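S.K.: Below you'll find the structure I mean.
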Amino acid sequence: MTTTTYRDAVRVAHREALQRDPRVFLMGEDVGRYGGSYACTKGLIEEFGPERIRDTPLSEVAFVGAGIGAALAGMRPIVEIMTVNFSMLALDQIVNNAATIRHMSGGQFSIPLVIRMATGAGRQVAAQHSHSLESWYAHVPGIRVVAPATLADARGMLWTALEDPDPVVIFEHAMLYSLEGDLPEGSGSVDIDRAAVLRPGRDVTLIAYSENLHKALAAAELLAQDRIEAEVIDLRTLRPLDDATIMTSVRKTRRAVVVDEGWRSGSLAAEIAARIMEQAFYDLDAPVGRVCSEEVPIPYPKHLEDAAIPQPHKIVATVKNLFGSHG
Amino acid sequence: MIDHASKVHLDRKHLLRLLREMLRIRRFEERCVELYSGGKIRGFLHLYIGEEANAVGAMQAIGPKDAVVTTYREHGHALARGISARALMAEMFGKMEGTSRGRGGSMHVFDAATRFYGGNAIVAGGMPLAVGIALAAKMRGERNITACFFGDGAVAEGAFHESLNLASLWKLPVLFICENNRYAMGTAIERAQAQIDLTKHAESYAIRAEAVDGMDVVAVEVATHRAADLVRETGEPYFLENRTYRFRAHSMYDPELYRSKAEVEEWKKRDPITLLEAWMRDSNLLHPEDMPKLEAEVAAEIDDAVAFAEAGQWEPVADLCKDVMTVRKVGVLEAAK
Amino acid sequence: MVEFRMPSLGADMEAGTFVEWLKKPGDRVSRGEIIAVVETQKGAIEIEVFQSGTLETLIAKPGQKLPVGAPMAIIRGDGEAAAAFAPPPAPAVKALETRPPPAKAPVAPALATPSAGIHTSPAARRRAAELGIDLQKLVGTGPDGAVTSADVERAAAAPSAAAAMRQAIGAAMARSKREIPHYYLAHSIDLDPCLRWLASENEKRSVAERILYGALLLKAVALALHDYPEFNGYYVDGAFRPSAQIHLGVAVALPKGGLVAPAIHDADRLPLPQLMVALRDLVNRARRGGLRSSELADSTITVTSLGEQGAESLFPVIYPPQVAIFGFGMVLDRPWVVDGTVVPRHVISASLAGDHRVSDGHRGGRFLTAVAQMLQKPEAL
């Protein structure tokens, strides 16, 4: 067991992939000489060279599209888009090419591309650098979307994603890079199909992903003090969603709260709430609760930013509402 | 220095082949007009009539191991690349026997066997793909090139500039072929580009470029041979601006309010098929029985393709969600989602 | 002859307005030639013809709006003979050929199996709580048998069992009085021979097996019916259908109100002890609500008794489609004349109501007296 960080886990995953398969290469802005804007790829260019660790110009359309083309032609590229905020520039390539070419070609072509992007708010970097647009990607048939929230997943999802014959988008919440934790020696690739129950409970199911998984776990600790035992699910995969794990839990606890840093309207939380309604309607003792970002572009000052995004106390309050009036 | 002009053997056999290829595209497109009017082909239909010299001339220099990326006006490229008229027509009808099992239609022709990567409907959307395919070739040490066809409209898109810059910066074997037919849908190039000499755009990215008469199939073939060889030898990109014209509207449903009939008639005088015919006749390389024979062969091939498409099958609705993702068993979750 | 039709020019074009002909009838046209102009939402578009030949008849007129596929002209192909003038055909409804077969809706994504047990919607649960209705007793009509608000409302509106029964009895009795012309006969019967015989019989029996006089009454009626078949059967569709079997309907009063008259099947053939057992069983089950539908439907004649409560005699109402009903009043001490002397006897009043469409008083009277006589010889019952 070694104590390490999320970003180190990401780096180790890259090293291993580059070593294992000569078709794997990384391209993106400042992934090479700069060492990665979040220091995730420090040292890789020195080890693997500029052919395999490619710094790109600020051309999201071209380098994401080139990643798709290279994957089409037999390589296994990892394209890093610095953050989801800049990914909108490349949305056409992702939605109109990566997600569709398999289908439009009648199954002739496969695009084994991995796209990684940082996401989320919390560092006072204001509206244009704080988006959580995972729901936009999770909306599109033709791609897989995953959100590693733990060190084991940061370490293990990359290789599984590279092996996948279809495009996989990996969202790394910017606040997680410095997360410290233990990784067992020899921990390797993990599945990217299932949600995980990280904390069993019987009174309410908290469903979260990414940084908000940790906020949900914190909320669970607070709720336990009031003798409400929350079961916490880490979604891990946002497309496809693991309905089975979610419904099994909700049938047991009869209450659910979804925590999602996207804005409430049209959020991933809305999709999950709809699925719970469809599949577990008769098992619910209360409506599904949602804790999402407020309907405001993320503001700069800390107190406003904190108020705009999900927090453990908001999760606790939402859960308590599901239990009716308390004395 | 290779004499590229001499690579092109302008003997009767070769010229007849060029003529046949262009005629084949012309008649195929004309039949599509009829089929579209009759409701057999639906959606959008973008015809290549008048531009045949570009696809036919270029494909003489593009080999089977090379890759081709093109646009939604791709029937000519598909036929010249060797995709069967049957499969192409079936695709236009939406039948399972089509190149994409009917899923793509006129704008999304793909063919793995001929390394034909679409059929891309977003203007300039295919250009980054071409850059990536060339990148893969370079990284794998393969000596093939990627021919990237696009129109004058694409020059305005950011994707064009990013792609040319990246291909030049990373020295990638992309042959950029701009089929400049002077109109981006209904907008004349003078109204869209501050710099209408498109070779200058390429040169600004340190890419060698030349302008070609896109109505002259031999000129196109010679220029493409030269350019393709250079890309192959140097591994660096090249830019051809083929100056051409489409005789019909942007797509079927276009009243062409943006250009005068006189202009169209003027360009029709340089119909690539008529030009080649005349040249061959003048050079005694075209005999009286040649054209009727070619027309008959081409008509028979197209009739056959239409009959094939008519007889084709509709894909069952039950297979609707096929080929969105790869089907595989994964733990408790099965199949594609 | 070929029809020149309004072409489809775009995915969303449904119709075009015809503007003008560029050719006239008799003109030669060749394939690819522009021969007409059509106005669409995007503007005027020139239309080409795909056949070569001679323009024979013009159908479309300037200003006319025509759907895609509608015929606009007739063209005579080269080599065809000129046709006689034909009136323009009616505009085609839809000229587009083979459309894809009607699509079945794609299969809905399989939802996780719902949990077992009765599903009740939240709305239904709330309403049931408001109305005080026990959800367990409800049958659901929602998806997969779920209980909905409508199910709860329905249960609340349903009348109580007692009210329903009162309604049913009322309907039957009203119909009886409406349709059946009743006549009534009464007769007093000395019950002492029966009671004396029963007393000695019952000494041999345990309490549980004791025979009550009611059984004797039933047996006597059943046996007497052998000679008077016009009192045993059904009046249906304007005719009397006598019954070969004798199923005695026994009127039983229910504890919560109401009346049922289940049948003892083949009462004439049952030995007295068995008749008693059947009677007891029937009464128990009637009171408990455990009767079978055959028991309720099969009576060929009904016997009713006011028993210990009530009056001297009664004038019962026939249960349609039966044609008679026998009634017994209370057993009373009455003076009776035996051999010229007045002695106290246990006397019961027996009445017979008959359907005058089927029987008459003369026969009714003899039936009554036959029963009376049988009751004088209880050992023969």
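S.K.: Hand me the list of strands (runs of 3 or more DSSP E) wholly inside segment C:182-267 holding 2 or more residues that are aromatic (Phe, Trp, Tyr) and out of contact with any Leu (no Cβ under 8 Å at 6 or more places or on another chain).
M.R.: Hits in segment C:182-267: C:233-236.
S.K.: At least 1 residues that are free of Cβ contacts under 8 Å to residues at least 60 places away in the same chain and within 14 Å of chain B (Cβ to nearest Cβ) in each: list the helices (runs of 4 or more DSSP H) lying fully within segment A:146-256 that qualify.
M.R.: So the answer is A:151-163, A:243-253.
S.K.: In segment A:194-212, is there at least one residue being among the acidic types (Asp, Glu) and farther than 21 Å from A:Val316 by Cβ?
M.R.: Looking for residues that are among the acidic types (Asp, Glu) and farther than 21 Å from A:Val316 by Cβ, one finds none in segment A:194-212, hence no.
S.K.: Quick one: in segment B:166-193, of everything that is at positive phi and within 20 Å of the chain's Cα centre (by Cα), which residue is modelled with the lowest pLDDT?
M.R.: B:Met185
S.K.: For segment B:1-71, which fully contained helices (runs of 4 or more DSSP H) count at least 1 residues that are over 16 Å from the mean Cα position of the chain (by Cα)? Show your work before the answer.
M.R.: Details: elements: B:4-7, B:12-37, B:52-59.
Because the criterion is at least 1 residues that are over 16 Å from the mean Cα position of the chain (by Cα), the helices (runs of 4 or more DSSP H) in segment B:1-71 that meet it are B:4-7, B:12-37.
S.K.: For segment A:91-112, which positions are within 9 Å of chain B (Cβ to nearest Cβ) and open to solvent by less than 20 Å² (accessible area, probe 1.4 Å)?
M.R.: Scanning segment A:91-112 gives A:Gln93, A:Asn97, A:Ala99, A:Ile101, A:Ser105, A:Gly106, A:Phe109.
S.K.: Which condition does A:Tyr282 not pass, out of (1) open to solvent by 10 Å² or more (accessible area, probe 1.4 Å); (2) closer than 23 Å to A:Leu133 by Cα; (3) among the hydroxyl-bearing types (Ser, Thr, Tyr); (4) touching a Gly at 6+ places or on another chain (Cβ under 9 Å), if it passes all the others?
M.R.: (2)
S.K.: While we're on this one: Give just the number: which of (1) part of a loop (DSSP other than H, G, I, E, B); (2) more than 8 Å from chain A (Cβ to nearest Cβ); (3) surrounded by 23 or more Cβ atoms within 10 Å (Cβ to Cβ) does B:Ala113 not satisfy?
M.R.: Unmet condition: (3).
S.K.: Within segment C:285-295, track down each residue that is assigned to a helix (DSSP H, G or I) and more than 15 Å from C:Ala251 (Cβ to Cβ).
M.R.: Answer for segment C:285-295, where residues must be assigned to a helix (DSSP H, G or I) and more than 15 Å from C:Ala251 (Cβ to Cβ): C:Arg288, C:Ser293, C:Ser294.
S.K.: Limited to segment C:325-359, what total is found for residues that are of a type outside the set (Phe, Trp, Tyr) and surrounded by 13 or more Cβ atoms within 10 Å (Cβ to Cβ)?
M.R.: 22
S.K.: Taking the criterion of being over 21 Å from C:Ala172 (Cα atoms) and under 25 Å from the mean Cα position of the chain (by Cα), would at least one residue in segment C:277-290 satisfy it?
M.R.: yes
S.K.: Let me ask something additional. Answer yes or no as to whether B:Glu162 is among the charged types (D, E, K, R), closer than 17 Å to A:Met27 by Cβ, facing another protein chain (nearest Cβ under 9 Å) and touching a residue at least 12 places away in the same chain (Cβ under 8 Å). Write out each step before concluding.
M.R.: Numbers: among the charged types (D, E, K, R): yes; closer than 17 Å to A:Met27 by Cβ: yes; facing another protein chain (nearest Cβ under 9 Å): yes; touching a residue at least 12 places away in the same chain (Cβ under 8 Å): yes.
In short, yes.
S.K.: Name, by its number, the condition in (1) open to solvent by 20 Å² or more (accessible area, probe 1.4 Å); (2) farther than 25 Å from A:Ser178 by Cα; (3) among the β-branched types (Val, Ile, Thr) that does not hold for A:Val64.
M.R.: Single failed check for A:Val64: (1).
S.K.: Tell me yes or no: at least one residue of segment B:233-256 is within 14 Å of another protein chain (Cβ to nearest Cβ), over 30 Å from B:Thr99 (Cβ atoms) and in contact with a strand residue (DSSP E or B) (Cβ under 8 Å, 6 or more places away or on another chain).
M.R.: Checked against the condition, which is being within 14 Å of another protein chain (Cβ to nearest Cβ), over 30 Å from B:Thr99 (Cβ atoms) and in contact with a strand residue (DSSP E or B) (Cβ under 8 Å, 6 or more places away or on another chain), segment B:233-256 yields at least one hit.
Residues are listed down the side, and each one gets a yes or a no for (1) modelled with pLDDT of 95 or more; (2) within 13 Å of chain C (Cβ to nearest Cβ):
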| residue | (1), (2) |
| --- | --- |
| B:Ser6 | no, no |
| B:Arg17 | yes, no |
| B:Arg20 | yes, no |
| B:Arg26 | yes, yes |
| B:Glu30 | yes, yes |
| B:Gly39 | no, yes |
| B:Glu52 | yes, no |
| B:Gly57 | yes, no |
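S.K.: From B:Asp271, B:Asp290, grab the single residue that is modelled with pLDDT of 95 or more, within 14 Å of chain C (Cβ to nearest Cβ) and open to solvent by 10 Å² or more (accessible area, probe 1.4 Å).
M.R.: B:Asp271
S.K.: Can you tell me how many residues in segment B:219-254 are among the acidic types (Asp, Glu), open to solvent by 10 Å² or more (accessible area, probe 1.4 Å) and at pLDDT 95 or above?
M.R.: Kept after step one, since they are among the acidic types (Asp, Glu), are these residues of segment B:219-254: B:221, B:229, B:233, B:236, B:241, B:254.
Then drop every residue that is not open to solvent by 10 Å² or more (accessible area, probe 1.4 Å), which leaves B:229, B:233, B:236, B:254.
Among the residues that remain, those that are also at pLDDT 95 or above are: B:229, B:233, B:236.
The total comes to 3.
S.K.: Could I ask something else about it? Please state which of the following conditions C:Arg127 fails to meet, knowing it meets all the rest: (1) more than 14 Å from every other protein chain (Cβ to nearest Cβ); (2) buried (at least 18 other Cβ atoms within 10 Å of the Cβ); (3) at pLDDT 90 or above.
M.R.: (3)
S.K.: Quick check on my filter: what residues within segment C:148-186 are open to solvent by 40 Å² or more (accessible area, probe 1.4 Å) and of a type in the set (Phe, Trp, Tyr)?
M.R.: Residue satisfying the conditions is C:Tyr184 alone.
S.K.: Now a separate question. Out of A:Arg255, A:Arg202, A:Arg194, report the one residue that is open to solvent by 50 Å² or more (accessible area, probe 1.4 Å), more than 16 Å from the chain's Cα centre (by Cα) and basic (Lys, Arg).
M.R.: A:Arg202
S.K.: Got at least one residue in segment C:4-24 being touching a residue at least 24 places away in the same chain (Cβ under 8 Å), touching a Ser or Thr at 6+ places or on another chain (Cβ under 7 Å) and in a strand (DSSP E or B)?
M.R.: Yes, that holds for at least one residue.
S.K.: For A:Ala127, work out the one condition from (1) of a type in the set (A, V, I, L, M, F, W, C); (2) open to solvent by 30 Å² or more (accessible area, probe 1.4 Å); (3) touching a strand residue (DSSP E or B) at 6+ places or on another chain (Cβ under 8 Å) it doesn't fulfil.
M.R.: (3)
S.K.: Taking only segment B:164-221 into account, find how many residues are part of a loop (DSSP other than H, G, I, E, B) and more than 22 Å from B:Ala67 (Cα to Cα).
M.R.: Selection size over segment B:164-221: 15.
S.K.: Then there is this: Within the group B:Gly98, B:Gly82, B:Gly102, which residue is within 11 Å of another protein chain (Cβ to nearest Cβ), closer than 25 Å to B:Asp303 by Cα and surrounded by fewer than 24 Cβ atoms within 10 Å (Cβ to Cβ)?
M.R.: B:Gly102
S.K.: Name the pairs: first residue in segment B:283-312 and more than 17 Å from B:Ile25 (Cβ to Cβ), second residue of a type outside the set (Phe, Trp, Tyr) and loosely packed, with under 13 Cβ neighbours inside 10 Å, Cβ to Cβ under 9 Å, at least 6 apart or on different chains?
M.R.: Qualifying pairs under 9 Å: B:Leu285/B:Asp11; B:Leu286/B:Ala278; B:Glu310/C:Thr98.
S.K.: Under the condition of being part of a strand (DSSP E or B) and at pLDDT below 90, which residue from segment C:25-54 is nearest to the chain's Cα centre (by Cα)? Quick ask: steps written out before the conclusion?
M.R.: Initially, segment C:25-54 is screened for residues part of a strand (DSSP E or B), giving C:28-29, C:34-40, C:43-48, C:53-54.
Of the ones still in play, those that are also at pLDDT below 90 are C:39-40, C:43-46.
Numbers: C:Glu39: 63, C:Thr40: 61, C:Gly43: 66, C:Ala44: 67, C:Ile45: 67, C:Glu46: 69 Å.
Out of the qualifying residues, it is C:Thr40.
S.K.: Collect the residues in segment B:116-145 that are aliphatic (A, V, I, L, M), out of contact with any Ser or Thr (no Cβ under 9 Å at 6 or more places or on another chain) and more than 7 Å from chain A (Cβ to nearest Cβ), keeping them in residue-number order.
M.R.: Of everything in segment B:116-145, just one residue is aliphatic (A, V, I, L, M), out of contact with any Ser or Thr (no Cβ under 9 Å at 6 or more places or on another chain) and more than 7 Å from chain A (Cβ to nearest Cβ), namely B:Ile145.
S.K.: State all residues of segment A:130-145 that are assigned to a strand (DSSP E or B) and open to solvent by 10 Å² or more (accessible area, probe 1.4 Å); if no residue qualifies, say none.
M.R.: Result: A:Arg144, single match.
S.K.: Shifting gears a bit: Looking at A:Pro301, A:Pro310, A:Pro287, which is the one that is open to solvent by 50 Å² or more (accessible area, probe 1.4 Å) and either away from chain B (no Cβ under 14 Å) or not aromatic (Phe, Trp, Tyr) (or both)?
M.R.: Numbers: A:Pro301 fails: open to solvent by 50 Å² or more (accessible area, probe 1.4 Å); A:Pro310 fails: open to solvent by 50 Å² or more (accessible area, probe 1.4 Å).
Going through A:Pro301, A:Pro310, A:Pro287 in turn, the sole match is A:Pro287.
The values are calculated or read from the model by the stated rules, or taken from the named source; none is laboratory data. Just so we're clear, the structure is a prediction, and the values are computed from it rather than from any experiment. All Cβ positions, even for glycine, are placed from backbone atoms using ideal geometry, and neighbour counts span all protein chains on display. In case anyone asks, the SASA skips ligands and DNA or RNA and just uses the protein heavy atoms, side chains included. Shrake-Rupley method; radii C 1.70, N 1.55, O 1.52, S 1.80 Å.
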